[in-house]
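FYI, it's all coordinate maths here, none of it is from the lab. Only a predicted model underlies this, so the values are computations on that prediction, with no experimental measurement involved. With ideal geometry, Cβ positions are generated from the backbone for all residues, glycine too; neighbour counts draw on all protein chains shown.
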Amino acid sequence: MVSLVLIGFIFESAVLIIALIFLILVYRKYLVKKHNLILYLFFIFLNFTLAIFFSWFVKYINLFTNIEYLINDAVPDPGTIVSWFSLRVISFRFTFIFVIIALFVSYMLRVKLFDKEYNDLERISVFGFGIIVILLNLFLYEKGNILFDLIAFLFTAIHIAMVYIPFMLKTINAYREVDQPIFKKGFLALSVMAFFFVMILFFQFLDRLTIFLGGEGYSVFYFAGWISGLIGFIAAYFGYIKPKTK
């Protein structure tokens, strides 16, 4: 019988390849256009791709290595610097740290698109809370403690909602206000991107919740999460980047 981890590994290999293709396409478009907004989107895509890579790497470790303290919760942490980082990799903490970095860039993109200058209180809230969530991902950790993993997931999901819900509202308002079809399509595409990026963490949180409640993971929510990410990539590229940049 094919293991769930192997299914996840094959699925995320496909997701990673598709994400890398779009990352290259966005960078090539930036080299042609030399437009700063495309560069922001490139760094957003880059950090989400790194998040996918670290999630994929967890499956690789489980399938193809024999590092006992990483693949067996009963084996104690050896307490080295390498094990400190490795255990957080295997628990998806670095996956979510790269998501948070993508959120910082997404907030900067929104400001460049719509606000032109930063609101100090909002900037402190977005970056301050993001740094707190990064620290939670790094230090609220105990080997085999699913509750701590769930808390880290939850706070990361809150941060993604904090950034992308205002992003969606701004892009929807812009879509309603402009008349040119190319601009309407671009703003709608960014709104779709923001929505599906929110759904990544929403679905992954639900999958983690099923594990906390005694399930094996790799539920339908797990697959829906990364599929949502790809939809976000596709929407931004074909709707905003490729046709024309505002």
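What the table below lists for this structure:
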{"quantity": "Ranking of His35, His159 by count of other Cβ atoms within 10 Å, fewest first", "calculated": "His35, His159"}
{"quantity": "Dipole in debye (nearest 20) - the stretch 6-77, about Cα centre, beta carbon charges: Lys, Arg +1; Asp, Glu -1", "calculated": "740"}
{"quantity": "Anchor Lys185: lysines whose Cα lies under 17 Å away (excluding residues fewer than 8 positions away in-chain)", "calculated": "Lys170, Lys242, Lys244, Lys246"}
{"quantity": "Cα centroid separation - the stretch 22-46 against the stretch 57-117, whole Å", "calculated": "24"}
{"quantity": "Neighbour net charge for Phe139 - beta-carbon separation under 10 angstrom, K R +1, D E -1", "calculated": "+2"}
{"quantity": "Computed [θ] at 222 nm, helices only, for the chain once each DSSP H run of length n ≥ 4 contributes -39500 (n - 2.57)", "calculated": "-27000 deg cm²/dmol"}
{"quantity": "Using a Förster distance of 51 Å, the FRET efficiency for Glu122-Asn66 (Cβ separation, nearest 0.05)", "calculated": "0.60"}
{"quantity": "Helical segments meeting 30 Å axial Cα length and Kyte-Doolittle -1.0 threshold in the chain (DSSP H)", "calculated": "4-33, 36-64, 146-177, 181-212"}
{"quantity": "Cα gyration tensor category, rounded, prolate or oblate, for the chain with a/c compared to 1.5", "calculated": "prolate"}
{"quantity": "Longest site-free stretch - the chain; sites: GluC sites (Glu not before Pro), DSSP loop, at most 13 other Cβ within 10 Å", "calculated": "1-116"}
{"quantity": "Cβ-defined net charge surrounding Ile211, 14 Å radius [Lys, Arg +1; Asp, Glu -1]", "calculated": "-3"}
{"quantity": "Residues Val58, Val26 arranged by fewest to most Cβ contacts within 10 Å", "calculated": "Val58, Val26"}
{"quantity": "Ranked list, fewest to most other Cβ atoms within 10 Å of each Cβ, for Asp207, Asp77", "calculated": "Asp77, Asp207"}
